[in-house]
Amino acid sequence: MTGRGVPHDDGRGESPAQRADRRWGELLQELRVAQTGTQILFGFLVAVVFQPRFAELGTTDRTIYVVTVFLGAATTGALVAPVAVHRLVAGRRLKPETVNWAARLTLVGVVLLYLTMVSTFLLIMRMVLDDALAVWLVVVMALWLALCWFLVPVVARRRGTNGGNGNGNNGTGDNYGPWPH
């Protein structure tokens, strides 16, 4: 309990409602970034089919294109879903549950965006390079995105809960930057 009798669980002195409001605001900022990139990527994918060179695509590349567009649409759906969930339950005193569902949908959207990016990159690389080099570059890019989007956050999460000092700087005490010293 804080000095004002407000229960909290993370040292911020927030009530459950305040925490839900803060988490919702943070999630909206994250969604703005993800949705913008997704919309640009999906717009590109939609435009590709109307290009003259699209008719030259072989069966494999057309299949990759269809899968990529499907993934792009699924990504868009998952990243817009938190807005729909919020709108449909607003005013029903379900903010913590709404934030939890929205966070899960956002994570699904990020995984789908990862798959869409890798698939898009494969399609582009197959258009401009020989297949062996294209696949090699796609594997490198898939690993890079997995490192940036999934491995780094998992490592940070583990360090934050297993032995960190709680201020996010791995015990260095300088509060400056994410890198260990």
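The values are calculated or read from the model by the stated rules, or taken from the named source; none is laboratory data. Everything numeric in this text was worked out from a predicted model, so none of it was measured. Just the protein is used for accessible areas: all its heavy atoms, side chains included, with ligands, DNA and RNA removed. Shrake-Rupley method; radii C 1.70, N 1.55, O 1.52, S 1.80 Å.
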Exercise. Give the Rg/Rh ratio for segment 47-144, taking Rg as the radius of gyration of the Cα atoms and Rh as the Kirkwood radius, to two decimals.
Key: 1.15
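Quick check: at a probe of 1.4 Å, how many percent of the accessible area of segment 68-113 sits on carbon and sulfur atoms? Before the final figure, lay out each step's value.
Details: 1840 of 2590 Å².
Answer for segment 68-113: carbon and sulfur cover 71 percent of the accessible area.
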Exercise. Quick one: what are the phi-derived ³J(HN,Hα) couplings along segment 17-25, Karplus 6.51/-1.76/1.60 with θ = phi - 60°, whole Hz, x for glycine and proline?
Key: 5, 5, 5, 4, 4, 5, 5, 5, x
Quiz item: Probe 1.4 Å, all protein chains in place: accessible area of residue 61 in Å², nearest 10?
Solution: 20
